[in-house]
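S.K.: Input: one structure, supplied below.
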Amino acid sequence: MKAKKNLSKEKASIIEQSTYQNGYGILTKRATSIGFKVNTLKTTQCNSITKLSNDFIVNLGMQRNDNESQHSILSYLMPNGSMMLSQTNQEDNDDFEKHTLPTSISLKMSLENTLKQRRSKRHFTGDKAPLNYLATILRAAYGITGSTEANHTRSEPINLNLRTTPSAGGIYPIDLYIAALNIDGIKQSIYQYNPTEDKLIKLYTEAHVEKLLNAFATNEEQINLRRSAFICLMIGSPEKSMRKYGNLGLSFTLHEVGSISQNIHLATTALGLGSVDCASYYRDEAHKVLNIDGLYMNLLHTIIIGVS
Ligand SMILES: Cc1cc2nc3c(=O)[nH]c(=O)nc-3n(C[C@H](O)[C@H](O)[C@H](O)COP(=O)(O)O)c2cc1C
């Protein structure tokens, strides 16, 4: 492709440098001779990290005549499979403190305007957000909005919940937690949103919120974490989907994090609050605070929300 005419000298030089960096830099012998490797260099070499991502990419998708996968998928269409799905978020949590959520606020902004106005906001005032704003966002993200019946010939129909966000096979492999910092009516703590009960389940204390904030790799100048209202934590259990779909289940789980995220951003925008995705956290430290193992449960993404 030809470069555009009339570029300033400075722009042309930057383009030249980046072209070199992208295309030829990695071929330079000396670049591979040092231990310090930037990501472009890493991805051209076969080390364990790139091998993982390469294996992941080439194993995505279905293959014809894969009877083992077909059998795994079909098992979910049997009564046992439907029954298992109907139990999602029905775990025994009666020992935990629970908070009933207030009625949602009606989102009046048109979808057209909401889509246009969504923008990442990184600076927050520290003002408290009302609990019904939080409730609205949680329900928009992952709330139950309907149900369907799975009908099997030799058993009663089984009720399956459906939500705002689509999920491959209706598995819903994400758990939505929030770290509440400045919300009217609830204490600083870490809660799980249970869509079946439509309640917040208090899992951890204020001390855990502080530890979680310390696990972020951003500073207050970049994102006002401490002045935000709450942080959405999307915890994925890819195994739930991989049990049915194999490797594809992992990509479905990541895909669904994206869908939940967009619902959160749109609801936040329509409410006049600000939000920003934040992938900048130290995975192992966050997992330790949340007491999750990083394999069966993994903090896949976070969104910071506040009065902006
Ligand atoms: C997966 C993902 C991770 C992100 N992580 C961060 C982050 O760690 N810090 C940050 O300031 N912005 C983060 N962002 C926000 C992007 O920088 C932002 O969406 C982009 O600059 C486009 O701007 P806009 O959202 O205002 O349209 C992330 C966005 C996505 C989708």
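S.K.: Which count do you get for residues in region 262-280 that are touching a residue at least 60 places away in the same chain (Cβ under 8 Å) and surrounded by fewer than 21 Cβ atoms within 10 Å (Cβ to Cβ)?
M.R.: In the first step, residues of region 262-280 are kept if they are touching a residue at least 60 places away in the same chain (Cβ under 8 Å); the result is 263-271, 273-278, 280.
Next, from what is left, pick out any that are surrounded by fewer than 21 Cβ atoms within 10 Å (Cβ to Cβ): 263, 277, 280.
Looking only at that region, the number is 3.
S.K.: Looking only at region 159-185, count how many residues are hydrophobic (A, V, I, L, M, F, W, C), in contact with a strand residue (DSSP E or B) (Cβ under 9 Å, 6 or more places away or on another chain) and surrounded by fewer than 18 Cβ atoms within 10 Å (Cβ to Cβ).
M.R.: Start the filter on region 159-185 by keeping residues that are hydrophobic (A, V, I, L, M, F, W, C), which leaves 160, 162, 168, 171, 174, 176, 178-181, 183.
Then keep just the ones that are in contact with a strand residue (DSSP E or B) (Cβ under 9 Å, 6 or more places away or on another chain); that gives 160, 162, 174, 176, 178-181, 183.
Filter once more, so that each one left must be surrounded by fewer than 18 Cβ atoms within 10 Å (Cβ to Cβ): 160, 162.
Within region 159-185, residues that are hydrophobic (A, V, I, L, M, F, W, C), in contact with a strand residue (DSSP E or B) (Cβ under 9 Å, 6 or more places away or on another chain) and surrounded by fewer than 18 Cβ atoms within 10 Å (Cβ to Cβ) number 2.
S.K.: For region 223-252, how many residues are within 16 Å of the ligand (Cβ to nearest atom) and among the polar types (S, T, N, Q)?
M.R.: Residues flagged as within 16 Å of the ligand (Cβ to nearest atom) and among the polar types (S, T, N, Q) within region 223-252 amount to 3.
S.K.: Being within 11 Å of the ligand (Cβ to nearest atom) and among the small types (Gly, Ala, Ser) is the filter here, so list the residues in region 208-222 that pass it.
M.R.: Ala217
S.K.: Within region 216-234, does at least one residue satisfy the condition of being in a helix (DSSP H, G or I) and buried (at least 18 other Cβ atoms within 10 Å of the Cβ)?
M.R.: Our first condition is that a residue be in a helix (DSSP H, G or I); within region 216-234, this holds for 225-227.
Pick out the ones that are also buried (at least 18 other Cβ atoms within 10 Å of the Cβ) and you get 225, 227.
Yes.
S.K.: While we're on this one: Hey, any hits in region 171-179 for a residue that's modelled with pLDDT of 95 or more and over 18 Å from the mean Cα position of the chain (by Cα)?
M.R.: The first filter runs over region 171-179 and keeps only residues modelled with pLDDT of 95 or more, leaving 171-179.
In the following step, the residues that additionally are over 18 Å from the mean Cα position of the chain (by Cα) were identified as none.
No, the conditions are met nowhere in region 171-179.
S.K.: Give region 253-284 a look and list any residue that's more than 15 Å from the ligand (Cβ to nearest atom) and more than 24 Å from Leu111 (Cα to Cα), or say none.
M.R.: Asp284, the sole residue that qualifies.
The values are calculated or read from the model by the stated rules, or taken from the named source; none is laboratory data. Predicted model only: the values in this text are computed from it and were never measured. Please note: Cβ atoms are built from the backbone with ideal geometry, for glycine as well, and neighbour counts cover all protein chains shown.
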